[in-house]
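Accompanying notes for the structure given below.
The values are calculated or read from the model by the stated rules, or taken from the named source; none is laboratory data. Here the structure is a predicted model, which is why all the values come from computation and not from measurement. Backbone-built Cβ (ideal geometry, glycine too); neighbour counts: all protein chains shown. Just so you know, the surface numbers come from the protein's heavy atoms only, side chains and all, with ligands and any DNA or RNA stripped out. Shrake-Rupley method; radii C 1.70, N 1.55, O 1.52, S 1.80 Å.
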Amino acid sequence: MEGSVEETAKGVSDLAVDSASPAEIQSKNARKKELKNKQREEERRRKEEEKAAKQAAAKASSHCQKSAGADDEDMDPTQFHENRLKFLAAQKAEGKNPYPHKFFASMSIIEYINKYGSLANGEHIEDVVVSLAGRIMSKRSSSSKLFFYDLHGDGAKVQVMADASSIHSEPNKRKSAIFLALFPLIT
């Protein structure tokens with residue numbers, strides 16, 4: 001505040017009406033008012049810049065906190081492709097194979113539908129583990145710990161329900177190939 005008071009006093013002392021033409025002559029009060037308006041405008045502009053910087057920082061931090069699945073749904077295909085390449089490079093750098101050579105699928109998706117399609121709603125068989133291979137075409141989350149995946153393969157589709165305790169490595173990339181070991185369940 002002291003700086004703005006000194007600036008105002010300096011601005012008022014610098015007001016000289018003798019050098020201005022008669023058309024530009026303003027009263028001392030009008031010049032004071034104009035100077036105060038300029039200071040208010042500068043203060044408002046400075047506050048807007050600070051607010052914009054805070055919003056950008058908040059947006060950046062919230063963007064980092066979002067889950068990768070939500071990010072994938074919102075980004076355009078070029079960004080998705082670049083992120084997918086970075087993800088694969090990171091997997092290779094960690095020594096993990098992003099494309100495993102072999103996976104044993106105990107049955108196809110069509111065989112799974114034929115065999116377990118007759119289960120009643122809510123019924124599940126926990127003593128049988130079935131391995132399926134397919135491609136994830138959509139992912140939906142019911143809550144932070146319950147996910148639904150549409151697994152496509154062999155011209156058929158199966159909806160897979162997974163809770164947080166059953167997911168060992170989350171298949172969060174759209175249209176990624178995946179191999180699942182699951183219990184037969186009808187929802």
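Hey, among 50, 7, 24, 2, which residue is modelled with pLDDT of 90 or more and either out of contact with any Ser or Thr (no Cβ under 8 Å at 6 or more places or on another chain) or under 30 Å from residue 83 (Cβ atoms) (or both)?
On the way: 7 fails: modelled with pLDDT of 90 or more; 24 fails: modelled with pLDDT of 90 or more; 2 fails: modelled with pLDDT of 90 or more.
One residue alone meets the criteria, 50.
Within region 157-167, identify whether any single residue is within 28 Å of the chain's Cα centre (by Cα), at pLDDT 85 or above, under 19 Å from residue 104 (Cα atoms) and open to solvent by less than 90 Å² (accessible area, probe 1.4 Å), and answer yes or no.
yes
Looking at region 60-76, is at least one residue at pLDDT 70 or above, under 25 Å from residue 156 (Cα atoms) and part of a helix (DSSP H, G or I)?
The answer is no, given that none of the residues of region 60-76 is at pLDDT 70 or above, under 25 Å from residue 156 (Cα atoms) and part of a helix (DSSP H, G or I).
Could we say that residue 121 is exposed (fewer than 13 other Cβ atoms within 10 Å of the Cβ), at pLDDT 80 or above, among the polar types (S, T, N, Q) and part of a loop (DSSP other than H, G, I, E, B) here?
The answer is yes for residue 121.
Pairs please, first residue from region 31-54 and farther than 15 Å from residue 10 by Cβ and open to solvent by 70 Å² or more (accessible area, probe 1.4 Å), second anywhere and part of a helix (DSSP H, G or I) and at pLDDT 90 or above, Cβ atoms under 7 Å, 6+ apart in sequence or on different chains.
none
Residue check, residue 110 against (1) out of contact with any Asp or Glu (no Cβ under 7 Å at 6 or more places or on another chain); (2) open to solvent by 60 Å² or more (accessible area, probe 1.4 Å); (3) assigned to a helix (DSSP H, G or I), all met but one. Which one?
Every listed condition holds for residue 110 apart from (1).
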